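This report refers to the structure that appears directly beneath it.
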Amino acid sequence: MSRSRPVMFHELAPYYDVYLADKDYRGECRKLASIARRFGRSGRRSWLDVGCGTGRHLECLRRTYRVTGIDGSPEMLRVARRRLPGISLELRDARTFRLGRTFDVVSCIFGLLGHIENERDLRRVFHRISAHLNPGGIAIVEPWVDPAHYHPGFIHLMAHDGPSTKAVRLSYSTRRGRQLLVRSHYLLATRGRPVRHYEEVNVGLLVPPKRLVQMMEEAGLQGRFLSRGLVPGRGLLVGVKRPMTGAGLSR
């Protein structure tokens, strides 16, 4: 992971859902469940979300699956535990976690790979995901930015204008070899408190989808890249744990 402490996942974790108020979690969960059904066998019921954050995806998926989540931020998990009482949520590193049990589906979505700086750690994440899948289980991983599609100097704005909370995140990116540096400025205003300003620099590795599929294969997953993912231009990686029986990636 990036050596810096991401502001959004720590200092601003209580306001994470404010910044992401417009994200369509329900729609994304419908897509995730559809992919799990499409590439897997019927009767799948257990789901692990790696990098579960504040638990918004798990909140939707729990209606159909027995869900578990892990995350590397205690502050994010604190929010998730208030949202999901009784659900297993553990503080774990995506590169090294060992839960002692396996699942029918393992997801790793919404930017976690964008906080990993080198291929060694990327491979470790894929191997940990594979190790926690039942035979024939499905891995669904959202990649970071495709280097072929990166536009230098890309600027991104997130804003929330609530009655008592105003939140803004302005980010711009630059490329350094195979790494993408995203510099972000946060403004947060809540009623009765002064405006707060935070800054961070996140470093992620630019890896083409073809290489990510190869890493999946090396981890024991039969992988493929789906160009249509949860958000435009990002796509999804899908892998089936070998040995595989029944339905697979030939569909």
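Just so it is clear, none of the values below were taken in a lab; they were calculated from the coordinates. These numbers were taken from a predicted model, which means no experiment stands behind them. With ideal geometry, Cβ positions are generated from the backbone for all residues, glycine too; neighbour counts draw on all protein chains shown.
Brief remarks on what is shown
- (1) 58, 44, 29; (2) 66, 44, 34; (3) 56, 40, 37, with the label sought being that of the calculated Cα extents along the principal axes in Å: (1)
- Taking Asp49, Asp104, Asp93, Asp24 and counting other C-beta atoms within 10 Å, the order from fewest to most: Asp24, Asp93, Asp104, Asp49
- Order of Cys108, Cys60 under a 10 Å beta carbon neighbour criterion, fewest first: Cys60, Cys108
- The stretch between Arg30 and Leu99, if pulled fully straight at 0.36 nm per residue, gains 22.2 nm over its current Cα-Cα span.
- Sequence-ordered 3J(HN,Hα) estimates for segment 56-68 from the Karplus curve with 6.51, -1.76 and 1.60 and θ = phi - 60° stand at 5, 5, 5, 4, 7, 5, 5, 5, 10, 10, 7, 9, 9 Hz, glycine and proline given as x.
- By the helix-only formula, in which each DSSP H run with n ≥ 4 contributes -39500 (n - 2.57) and the sum is divided by residues, the chain has a 222 nm mean residue ellipticity of -6500 deg cm²/dmol.
- Pair-distance profile P(r), taking every C-alpha pair of segment 148-205, with 10 angstrom steps and integer %: 22, 42, 23, 12, 1
- Spacing of the two label points (7 Å from each Cα toward its C-beta) at Arg175 and Val18, in nm: 3.6 nm
- The charge dipole of segment 83-155, taken about its Cα centre with unit charges on the Cβ atoms of Lys, Arg (+1), Asp and Glu (-1) only, comes to about 320 debye.
- Taking the fewest neighbouring Cβ atoms within 10 Å as the starting point, the ordered list for His197, His115 is His197, His115.
- Look at the Cα gyration tensor of segment 120-243: its axes a ≥ b ≥ c give a/c of at least 1.5 with a/b over b/c, and that counts as prolate.
- Crossing angle, helix 119-131 versus the chain [Cα axis fit, 0-90 degrees, rounded to tens]: 50 degrees
- The phi torsions of segment 186-202, fed into the Karplus equation with coefficients 6.51, -1.76 and 1.60 and a -60° offset, translate into couplings of 10, 10, 9, 10, 10, 4, x, 10, x, 5, 10, 10, 10, 10, 7, 10, 9 Hz, rounded to whole numbers, with Gly and Pro shown as x.
- Measuring r between the beta carbons of Thr190 and Ser88 and using R0 = 30 Å, the FRET efficiency lands at 0.40.
- Principal-axis analysis of the Cα atoms of the chain puts helix 209-218 at an angle of about 50° to the longest axis.
- Taking a straight Cα-Cα cut-off under 26 Å and skipping sequence neighbours fewer than 8 places away in the same chain, the lysines within cross-link reach of Lys210 are Lys31, Lys241.
- Note that segment 181-231, at 4 °C in a medium of 1.567 mPa s, gets a Stokes-Einstein diffusion coefficient of 88 µm²/s from its Kirkwood radius over C-alpha pairs.
- Using alpha-carbon coordinates, inclination of helix 74-83 to the longest axis of the chain, degrees: 80 degrees
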